[in-house]
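Encoded as structure tokens, the structure appears first; notes follow it.
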Ligand code: SF4
């Protein structure tokens, strides 16, 4: 059986997978390299990671198109993502699944842990039985990235904190 997505074809970044579940307009702008002022969530999170938590782990690990918050090595590699809150949990979950999918293509078996330090919660994610779902998501991200203009913006809760607010609504 042919591999739907050989690793050389996987150039999508984890953030792009995440944005698909937040807003496709945001995904399109981001994928075109359009950057606005840094979003406060990421500034806060970066600071949090560097100054306070998870000391001693391997942080900000970049492998191909993916950039993992930190990795724990053990019998099986643990890929950790640190998130502020759970309002975009589906986006977090699919981003983590994409990481596991990509790592599997490299021959690395891993599991993912979503960390919500402010809520003192964690959630384990595994790839078993979900590869087709990841591939559908990859296809949808590719479709949006290939559009010649951004998808029509839709007002949502995410707009309030979005770096592209002015492009969409002003
Ligand atoms: S402002 Fe709203 S519609 Fe525009 S990119 Fe951001 S989240 Fe999407």
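Show that you can apply the helix-only estimate: for the chain, add -39,500 (n - 2.57) for every DSSP H stretch of four or more residues, divide by all residues, and state [θ] at 222 nm to the nearest 500.
Dividing the helical sum by the residues of the chain leaves -11500 deg cm²/dmol.
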How many times 2.2 N^0.38 Å is the alpha carbon radius of gyration of the range 85-139? 1.16
For a label point 7 Å along the Cα-to-beta-carbon line of residue 161, residues of the range 68-91 with backbone N under 18 Å: 69, 81-91
Shape call for the range 7-169, from the Cα gyration tensor axes a ≥ b ≥ c (a/c under 1.5 means rounded, otherwise prolate when a/b beats b/c, else oblate), comes out oblate
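Every read-out reported here was derived from the displayed coordinates using simple, explicitly stated rules and does not represent laboratory data. Please read all numbers here as calculations on a predicted model, not as lab measurements. When we count neighbours, we look across all protein chains shown, and the Cβ atoms used for this are built from the backbone with ideal geometry, even at glycine.
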